[in-house]
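See structure below.
The values are calculated or read from the model by the stated rules, or taken from the named source; none is laboratory data. In this text the structure is predicted, and so the values were computed from the model without any measurement. Neighbour counts are summed over all protein chains in view; Cβ atoms, including those assigned to glycine, are modelled from backbone coordinates with ideal geometry.
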Amino acid sequence: MYINKSLIVVLVISAMLAIGFAVAGTPPPNFAGTWTLDKSRSKDLPRQFENVESYKLVVTQDPQQLTVEPNITRGARSADRSPDRTDRSGDSTSGDQTGRSGGQEGRRGYRGGNGMGGRFGGGGMGASKATFRLDGKESTSESADANANPSQATYKAKLGDSVLELTTTRNLNFQGNSVTMTTRERWELADGGKTLKVHRTTETPRGVQESNLVFNRE
């Protein structure tokens, strides 16, 4: 039987192009929504979470950027806080503008050994809003705590076909010393988009903290 080799080559190339276009046309995952931490399904949470009644992430996403706004409600045992105190961040474009209470709490956590605590906390449990560019480039923001100590945060994101990688590096001055803290997160949707799984690694002068957080979509 005669086989037209040219026709076979054309068919193979067409099939490969079709597969390539299908893959290229797959939209990236969308993490937008309000996510509530499920402490019962999460593992290796830092000590700060023992006092947290509710920890939510309000995420907005468009083709250019992704913004994450933590919303934390603490219990009555949280130091220097009233019961059911809720922390919210500032301006969505500021990236890292935490109020006076956030800065004070960060310093208390440093002295008290709670993994840096608060705003600069081990485990990345800050109360500041962060905006990440989705074109692979870094963005930065500058702020100061209640004692006018300056700090700078650098944000970088890598959005893949199914996974989002976020890196936040904070450089700050603590009692005249320069301190660098880096938080890396790997986000992945599960259960048909109803669950957000976050593997979080935080490096501070006190060491490395790894946690696996599970959030449910509201």
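Key figures for this structure:
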{"item": "Residues of region 149-177 that turn out to be hydrophobic (A, V, I, L, M, F, W, C), at pLDDT 90 or above and farther than 23 Å from Lys197 by Cα, as a count", "result": "1"}
{"item": "Matching residues in region 155-199 - criterion: being within 20 Å of Gln209 (Cα to Cα) and among the acidic types (Asp, Glu)", "result": "Glu165, Glu185, Glu188"}
{"item": "Flag if Thr167 is on the phi < 0 side of the Ramachandran plot, surrounded by fewer than 17 Cβ atoms within 10 Å (Cβ to Cβ) and of a type in the set (Ser, Thr, Tyr)", "result": "yes"}
